[in-house]
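Okay, structure first, notes after.
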Amino acid sequence: MQPIDGSDKPQTTPETVFAPGDLTDGRKPGEWRSRYDSEAWSYIWREAAYLSILLVLAVGLMLLVWLKSFQHLWHLSSEDQSTLLRYSFAWLGGTMGGILFAMKWQYHTVAKLMWHLDRRLWRYLTPHISGGLAFASFTIVGSFDAHSSIASSGARAFSFGFLVGFFSDNALAKLAEVAETLLGPTKRFAARHKSDLDWQ
């Protein structure tokens, strides 16, 4: 939406604010009917069902790993079982974080009339991206410090994974900083910092 006054600052309306102080969603008292038609609701409920089923599956997989089901199935040693538990908890914790984040966004966008079909792919893939990102981040942390407290137990692995998954945008930004430190800055990064130095 273009600003009315010609400035670069976008104008906000009740429909574009994520979680405003007004909890009425712009409705009058007694206005209870949905503003979406039946076709839109069929897509909305499919997304909600997908995220709910994925959440149950993630919890179920965590329970199976915790009960050592795979250790007996694959004849794993105690050390291998401990490794499997930590890394799977990191992945599943990230997946759960992504699921809850997508659920939170879904009910906000539906209530604020911002839901549309073009974001379906985002809601379907966010849990998997969050899970993979959490697993990769956990592996990176463990590779630098094998005795890190984060990698010392399944609970810590889950907690780390959940935070990375729920705040995946922040995690990606931090990984970009790590990559620039290890591999060197890109031309865009170097140009940005050169302009900062010139300004100083």
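The values are calculated or read from the model by the stated rules, or taken from the named source; none is laboratory data. Fair warning: this is a prediction, and the values are worked out from it, not measured in the lab. Heads up, the Cβs are rebuilt from the backbone with ideal geometry, glycines too, and the neighbour counts pull from every protein chain shown. These accessible areas exclude ligands, DNA and RNA; they are computed on the full protein's heavy atoms, side chains included. Shrake-Rupley method; radii C 1.70, N 1.55, O 1.52, S 1.80 Å.
Residue-wise test of (1) in a loop (DSSP other than H, G, I, E, B); (2) modelled with pLDDT under 95; (3) open to solvent by 30 Å² or more (accessible area, probe 1.4 Å).
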residue: I53; (1), (2), (3): no, no, yes
residue: A58; (1), (2), (3): no, no, no
residue: V65; (1), (2), (3): no, yes, no
residue: Q71; (1), (2), (3): no, yes, no
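May I ask you to verify whether E47 is exposed (fewer than 14 other Cβ atoms within 10 Å of the Cβ) and either of a type in the set (D, E, K, R) or touching an Asp or Glu at 6+ places or on another chain (Cβ under 9 Å) (or both)?
When the stated conditions are applied, E47 does not pass them.
Considering only residues that are small (G, A, S) and open to solvent by 50 Å² or more (accessible area, probe 1.4 Å), which ones fall in the range 122-144?
Within the range 122-144, S143 is the sole residue that qualifies.
Which of the residues spanning the range 53-75 are small (G, A, S) and free of Cβ contacts under 8 Å to residues at least 40 places away in the same chain?
Within the range 53-75, G60, S69 qualify.
What number of residues within the range 79-102 satisfy the criterion of being within 10 Å of the chain's Cα centre (by Cα) and either open to solvent by 20 Å² or more (accessible area, probe 1.4 Å) or not polar (S, T, N, Q) (or both)?
The number of residues fulfilling the criteria is 8.
Sort out for me the helices (runs of 4 or more DSSP H) sitting completely within the range 96-200 that have 1 or more residues that are modelled with pLDDT under 85, within 26 Å of V59 (Cβ to Cβ) and polar (S, T, N, Q).
Per the criteria, 168-183.
Do you know which of the residues in the range 25-51 that are part of a loop (DSSP other than H, G, I, E, B) and touching a Pro at 6+ places or on another chain (Cβ under 9 Å) is farthest from L85 (Cα to Cα)?
G26
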